[in-house]
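Read the structure below first, then the notes.
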Amino acid sequence: MRRSALVVALAALLVGRVEAQDSLRLTAREAVDRAVRSHPDLIDARQARAAALARAEGSRATYLPRVALEWSAIRSDDPVAVFGSKLRQGIFAAPDLALDALNSPSPITNTSIGVTVEQPLVVAEGWLGRRAATRGAEAGRLFEGRAEQLTAFDAIRAYFGAVVAKASVEAVDSGLVAGNRVLDRVRALRREGVVTAVDEQLALARVSELESQRAMAEAERIAAVDRMLVLLGEDPGSPVRFVDPLDAAAAAAGPGEGTRLDLAGLEAAAAATEANVDRVRAQWLPSLAAFGSLGWNQGRLGAFGGPSTWTAGLVVRWNVFGGYADVAALRAARAERTAALERLDAAERQAAAEVRAADAAAAAEPPWRCGTGVGGRDRRPGLPRFATPAGWGPSPGAARGARGRDLAPPRPASSPVSDAPGSCGAHARRGGMPE
């Protein structure tokens, strides 16, 4: 019997070691890094930025020349085509000036190859279009950065949510062990006649309640771990070990970026729509370009070479009326600008509300939650006290929105929230959230 028990214990130990080797060991910082690399919610933001960068690259056409290569082969007895082909091939002769030869020429074959170069010189619509494209690319970069901030914040929350869920299961397990001990003791006393059957039923009910709590805590732990795994791009149910303890949350997140990238991105997007309105207006302005072409003509099909001709000059284009499509384009651009400005204003109001909520939460927190003890001394040196989607810690300038709007107006002198460096108020006014 003892030998069988020993074999079972050794087998369980071996299985545990194998599972530990196969399980994913994960720190909070590793969870953040992996989430930023592989989270599916970042795909849209990154592809949108790539598209915006491609449009910005394409807007360089405003300054760069256009080069075209053309090859053609014809055979015709059209008098004009025959006359021009003979001139280009350099075979026009005196008999070709006869009336019969001019009016009823023999068919001729002409093969031509040419290179054309056009260089824009003054293109107001293109210049303003490039400005809109570059600002759109900047907006894409900022939105991608904001998505990465939120992903990092979600990773930290999911990581330590799983740690808390695991600790909850362990706490209930400890209570269940103690409850079973109490139940065994009550049953022993019941057999001795010291306690009644009611006491035994009460102890049993308490154990049943703890078992129910344990089942619920285990379900929450499984759900929390699966959320973490999905965030990292892993399959739900994969074994994982969380290395960092709960009190390492602030240090694991690191310092914040110091800016509200969502507001900065909306501001850049609004600037892009403003530049787009100017671009559409510029379609009624004339443009100037220089061009040149070089061509060769031969009388044999498939041949290359022959006499060369060249042409150079300037061209002015002016689209005076575009069939009302230009007017419609201007109205659409103005509507997009209005929508972008409205989104920016709404986001700034929401950010101001978040700062006010953080101020109120900071005022309600006891001093030790802000890391300051008696006399303002830091009880937890080196650990920031406030969390943002980018991490924990001070984020200078985050309380200032787009176009210089102050998201957190000065509070009266009687306010219970301090603005001293490192205080709850100073962090809350920068857009952070209390721990």
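Quick notes on this structure:
- Net charge of Cβ neighbours under 12 Å - reference residue 326; Lys, Arg +1; Asp, Glu -1: +2
- Label-point separation in nm, residue 360 to residue 317, each point 7 Å along Cα→Cβ: 5.8
- Mean Cβ count within 10 Å, highest first, over the residues of peptides 187-193, 130-136, 24-30: 130-136, 24-30, 187-193
- Karplus (6.51, -1.76, 1.60) ³J(HN,Hα), θ = phi - 60°, over the stretch 39-55, in Hz, Gly and Pro reported as x: 5, x, 5, 7, 4, 4, 5, 6, 5, 5, 5, 4, 5, 5, 5, 5, 5
- Counting charges near residue 132 (Lys, Arg +1; Asp, Glu -1) among other residues having Cβ under 10 Å from its Cβ returns a value of +3.
- Taken over the stretch 49-136, the alpha-carbon convex hull comes to 140 cubic angstrom per residue.
- Computed over the stretch 162-207, the convex hull of the alpha-carbon atoms projects to a mean area of 2.9 nm².
- Modelled spin labels at residue 339 and residue 60, positioned 7 Å past Cα toward Cβ, are 3.1 nm from each other.
- Residue ranges 104-110, 32-38, 143-149 sort as 143-149, 32-38, 104-110 when ordered by packing (mean number of other C-beta atoms within 10 Å per residue, highest first).
Computed from the coordinates by the stated procedures, all read-outs in this text should not be read as laboratory data. The structure presented is a predicted model; accordingly, all values stated were derived computationally and were not measured. Positions of Cβ are generated from backbone atoms using ideal geometry, with glycine treated the same way; all protein chains shown enter the neighbour counts.
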